[in-house]
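The values are calculated or read from the model by the stated rules, or taken from the named source; none is laboratory data. Because the structure is predicted, anything quoted here is derived from the model rather than measured. With ideal geometry, Cβ positions are generated from the backbone for all residues, glycine too; neighbour counts draw on all protein chains shown.
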């Protein structure tokens, strides 16, 4: 059952900018303060509803001399950018199952600038994810659960996962296309599946797409049409590998007059082109098509591009050999 | 009513490679013979059903010292590449209403290596297009009609056009997204509209998409799912402005085992990267998003990129002023 049309406004839509989190995977989270401050203000001006600042990664597991500060997202570092965040935009951070010290590194919401914690899990680590969600809700945060790599999972297992998360206090359950392998007709079907549990348990459904097959924007707006309401995007698509649904495409598409594309263009003009010139790599390219078509992790393609290889036929053979 | 699914083969599908025709608009049709011969053989190996060699443009109107030979597609020039074309792949050329001497420049099909003539028209030049179609059928050619820029036309006028062309001998009627402005849900609706007339008059329906909003592939496979069967693509998306649906995406997606993506990768490795290095410009980029979002001709964006401008916010204002 489609919701909305090309002329209407859907009041349940929430745009989440994940540039620093998914894009941070491309530059080890070394964003300048100027970049972050400008992104924060441009996102507010663009009408973005949530801005994800990065990960809350464990400093025991990930040495702080190897990564920029947005790998850890200390509250005081966020405060240096947002102050008391006197804006309608909420602040999100991501916590990966097995890669964070969640019992230690989060204060109560009322002491933190963070509004939402997004928990990322694989389907085989659900019990920890549930414990994390319950913990974050006790601390007073909104949460989402991002079940990654579901293109590799069986539908009955995904159903079981949705049923479990439906019974937690989580606010948003995300459909995540980790490998950029889903086609629009699959996204429409999966959206219906997730929405079935969303309706049952009163949860919002979100979508996080990757652009391996040049389908990140198409999949996002098709999911929206099905009824999905939390829409992830990144400026110029900056995200691991082929990157994500581009903010400039999504925000230019949405009909609610609160969304304005000009501030996103500002961020591109003043910052994103420079990152590209400095050699930070992301975005749609031939190797990602090949991993996307085979529903494979993008790491092979990322490595291929880092070595400046262009022997695409060999890459395709290597991918065949990996199955 | 959807036709086929992600696991099935649709025997009515025809893939048409338009690299030299739409891509020729990016380099004034100056392809090397090596490029063309390799593309011809790679297309055959990839299972491509039709290869479009270029335009049959008037030599009176377009001086031959300004363009490469594929702007004119003389039969003998095609023969130098394909010989007697002993292959399952058919040869196509495009004839633009008002830009060709169609009564003079086409011999009878039995004397020509060309199998299909594709007539490109705007909705206000239909009578000439009809005359051309009838002429080409008398000469023995297959034809298609490509009605351009329909995103600017009223539905009732498009219906009238489809009704007129349905009554001609044309074989294929193309849904053309000239400005890359259509979203998938519009493409699904328009596909149904075109298929209504296709069913009535026993015509195949085709789709020719542009990638301004990163939707060319998504729109093509959504149209396919609705029942559209002629699918245009270009290698690495080479085509005017933001380019087209990429052969490597489309052919990698189709399930019929006759379609093989490796030869397309070969063409990319050996030729397309070189064109890019030589400075030939095409493909998805921020300025095309802005013309696509506003349903505008891409010329403003093409000019913007030729001048190496990156002041996207100004471009957006200029586009607003043009309406």
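Right, residue B:128: under 21 Å from the mean Cα position of the chain (by Cα) and surrounded by fewer than 20 Cβ atoms within 10 Å (Cβ to Cβ) or not?
Yes; evaluated as a whole, the condition is true for this residue.
If you check residue B:219 against the conditions, is it modelled with pLDDT of 95 or more, within 17 Å of residue A:221 (Cβ to Cβ) and touching a helix residue (DSSP H, G or I) at 6+ places or on another chain (Cβ under 6 Å)? Give the derivation first.
Working: modelled with pLDDT of 95 or more: yes; within 17 Å of residue A:221 (Cβ to Cβ): yes; touching a helix residue (DSSP H, G or I) at 6+ places or on another chain (Cβ under 6 Å): yes.
Criteria met by residue B:219.
Assess whether residue A:144 counts as being surrounded by 18 or more Cβ atoms within 10 Å (Cβ to Cβ) and either modelled with pLDDT under 95 or touching a helix residue (DSSP H, G or I) at 6+ places or on another chain (Cβ under 6 Å) (or both).
Details: surrounded by 18 or more Cβ atoms within 10 Å (Cβ to Cβ): yes; either modelled with pLDDT under 95 or touching a helix residue (DSSP H, G or I) at 6+ places or on another chain (Cβ under 6 Å) (or both): no.
The answer is no for residue A:144.
Kindly indicate the residue of segment A:311-323 that is modelled with pLDDT under 95 and part of a loop (DSSP other than H, G, I, E, B) and also nearest to residue B:6 (Cα to Cα) among those meeting that condition.
Selected residue: A:323.
I'm trying to understand the selection: among the residues of segment A:163-176, which are under 12 Å from residue A:193 (Cβ atoms) and surrounded by 22 or more Cβ atoms within 10 Å (Cβ to Cβ)?
Listed by number, the residues that qualify are A:173, A:175.
Does residue A:322 count as surrounded by fewer than 19 Cβ atoms within 10 Å (Cβ to Cβ), in contact with a helix residue (DSSP H, G or I) (Cβ under 8 Å, 6 or more places away or on another chain), under 27 Å from residue A:187 (Cβ atoms) and within 11 Å of chain B (Cβ to nearest Cβ)?
Working: surrounded by fewer than 19 Cβ atoms within 10 Å (Cβ to Cβ): yes; in contact with a helix residue (DSSP H, G or I) (Cβ under 8 Å, 6 or more places away or on another chain): yes; under 27 Å from residue A:187 (Cβ atoms): yes; within 11 Å of chain B (Cβ to nearest Cβ): no.
Answer is no for this residue.
Determine whether segment B:292-307 contains at least one residue that is touching a strand residue (DSSP E or B) at 6+ places or on another chain (Cβ under 9 Å) and at positive phi. Spell out the reasoning first.
Going through segment B:292-307, the residues touching a strand residue (DSSP E or B) at 6+ places or on another chain (Cβ under 9 Å) turn out to be B:292, B:298.
If we keep only those that are at positive phi as well, we get none.
Looking through segment B:292-307, none of the residues is touching a strand residue (DSSP E or B) at 6+ places or on another chain (Cβ under 9 Å) and at positive phi.
Determine if segment A:150-162 includes at least one residue that is assigned to a strand (DSSP E or B) and closer than 22 Å to residue A:242 by Cα. Steps first, answer last, please.
Step one: list which residues in segment A:150-162 are assigned to a strand (DSSP E or B), which gives none.
No, the conditions are met nowhere in segment A:150-162.
For segment A:290-298, state whether one or more residues are within 11 Å of chain B (Cβ to nearest Cβ), under 24 Å from residue A:148 (Cα atoms) and free of Cβ contacts under 8 Å to residues at least 40 places away in the same chain.
Checked against the condition, which is being within 11 Å of chain B (Cβ to nearest Cβ), under 24 Å from residue A:148 (Cα atoms) and free of Cβ contacts under 8 Å to residues at least 40 places away in the same chain, segment A:290-298 yields at least one hit.
I need the full set of residues from segment B:276-292 which are over 18 Å from residue A:216 (Cα atoms) and surrounded by fewer than 20 Cβ atoms within 10 Å (Cβ to Cβ), in order please.
B:276, B:277, B:278, B:279, B:280, B:281
Under the condition of being buried (at least 24 other Cβ atoms within 10 Å of the Cβ) and in a loop (DSSP other than H, G, I, E, B), which residue from segment B:201-224 is farthest from the other protein chains (Cβ to nearest Cβ)?
Among them, the one singled out is B:209.
Out of segment B:278-287, which residues are within 11 Å of another protein chain (Cβ to nearest Cβ) and either in a helix (DSSP H, G or I) or within 19 Å of the chain's Cα centre (by Cα) (or both)?
Here is the first cut: in segment B:278-287, the ones within 11 Å of another protein chain (Cβ to nearest Cβ) are B:283-287.
Result: B:283, B:284, B:286, B:287.
Quick one: count up the residues across segment A:232-262 that are within 15 Å of the chain's Cα centre (by Cα), surrounded by 23 or more Cβ atoms within 10 Å (Cβ to Cβ) and either away from every other protein chain (no Cβ under 11 Å) or closer than 18 Å to residue A:26 by Cβ (or both). Show your work before the answer.
Taking segment A:232-262 and keeping what is within 15 Å of the chain's Cα centre (by Cα), we get A:232-247, A:250.
Filter once more, keeping what is surrounded by 23 or more Cβ atoms within 10 Å (Cβ to Cβ): A:232-239, A:241-247, A:250.
If we keep only those that are either away from every other protein chain (no Cβ under 11 Å) or closer than 18 Å to residue A:26 by Cβ (or both) too, we end up with A:232-239, A:241-247.
Counting residues in segment A:232-262 that are within 15 Å of the chain's Cα centre (by Cα), surrounded by 23 or more Cβ atoms within 10 Å (Cβ to Cβ) and either away from every other protein chain (no Cβ under 11 Å) or closer than 18 Å to residue A:26 by Cβ (or both) gives 15.
Report yes if residue A:24 is more than 19 Å from the chain's Cα centre (by Cα) and either outside the structural domain of residue A:113 (by TED's automatic domain parsing) or surrounded by 14 or more Cβ atoms within 10 Å (Cβ to Cβ) (or both), otherwise no.
no
If residue B:312 satisfies every condition in (1) within 11 Å of chain A (Cβ to nearest Cβ); (2) under 28 Å from residue B:30 (Cβ atoms); (3) more than 20 Å from the chain's Cα centre (by Cα) but one, which is the exception?
Unmet for residue B:312, out of (1) within 11 Å of chain A (Cβ to nearest Cβ); (2) under 28 Å from residue B:30 (Cβ atoms); (3) more than 20 Å from the chain's Cα centre (by Cα): (2).
If I filter segment B:206-214 for residues that are out of contact with any helix residue (DSSP H, G or I) (no Cβ under 7 Å at 6 or more places or on another chain) and within 19 Å of residue B:53 (Cα to Cα), do I get at least one hit?
Within segment B:206-214, the first condition is being out of contact with any helix residue (DSSP H, G or I) (no Cβ under 7 Å at 6 or more places or on another chain), and the residues that meet it are B:206, B:208.
Imposing the further condition that a residue be within 19 Å of residue B:53 (Cα to Cα) reduces the set to B:206, B:208.
Within segment B:206-214, one or more residues are out of contact with any helix residue (DSSP H, G or I) (no Cβ under 7 Å at 6 or more places or on another chain) and within 19 Å of residue B:53 (Cα to Cα).
For segment B:225-254, name all the residues that are in a strand (DSSP E or B) and either in the same structural domain as residue B:306 (by TED's automatic domain parsing) or without any contact (Cβ under 8 Å) to a residue 40 or more places away in the chain (or both). Lay out the reasoning, then the answer.
Step one: of segment B:225-254, the residues in a strand (DSSP E or B) are B:230-234, B:244, B:246.
Scanning segment B:225-254 gives a single hit, B:246.
Taking residue A:196 as the residue in question, decide whether it is over 20 Å from residue A:50 (Cβ atoms), modelled with pLDDT of 95 or more, more than 9 Å from chain B (Cβ to nearest Cβ) and not in a loop (DSSP other than H, G, I, E, B). It would help to see each step written out before you state the result.
Details: over 20 Å from residue A:50 (Cβ atoms): yes; modelled with pLDDT of 95 or more: yes; more than 9 Å from chain B (Cβ to nearest Cβ): yes; not in a loop (DSSP other than H, G, I, E, B): yes.
Yes; evaluated as a whole, the condition is true for this residue.
Within segment A:160-190, restricting attention to residues that are more than 19 Å from residue A:137 (Cβ to Cβ) and in contact with a strand residue (DSSP E or B) (Cβ under 6 Å, 6 or more places away or on another chain), which residue is farthest from the other protein chains (Cβ to nearest Cβ)? Explain how you work it out, then say what you get.
Taking segment A:160-190 first, the residues more than 19 Å from residue A:137 (Cβ to Cβ) are A:160, A:175-190.
Then keep just the ones that are in contact with a strand residue (DSSP E or B) (Cβ under 6 Å, 6 or more places away or on another chain); that gives A:175-177, A:180, A:190.
Values: A:175: 17, A:176: 19, A:177: 13, A:180: 11, A:190: 13 Å.
Here the residue is A:176.
So for segment A:263-274 (the condition being facing another protein chain (nearest Cβ under 9 Å), farther than 17 Å from residue A:18 by Cα and either modelled with pLDDT under 95 or in a loop (DSSP other than H, G, I, E, B) (or both)), does at least one residue qualify?
yes
Please tell me if residue A:305 is crowded, with 16+ Cβ neighbours inside 10 Å, within 10 Å of another protein chain (Cβ to nearest Cβ), over 21 Å from the mean Cα position of the chain (by Cα) and assigned to a helix (DSSP H, G or I).
Details: crowded, with 16+ Cβ neighbours inside 10 Å: yes; within 10 Å of another protein chain (Cβ to nearest Cβ): no; over 21 Å from the mean Cα position of the chain (by Cα): yes; assigned to a helix (DSSP H, G or I): yes.
The answer is no for residue A:305.
Can you go through B:213, B:204, B:186 and tell me which one is in the same structural domain as residue B:167 (by TED's automatic domain parsing), at pLDDT 95 or above and over 26 Å from residue B:295 (Cα atoms)?
None of the others qualify; the one that does is B:204.
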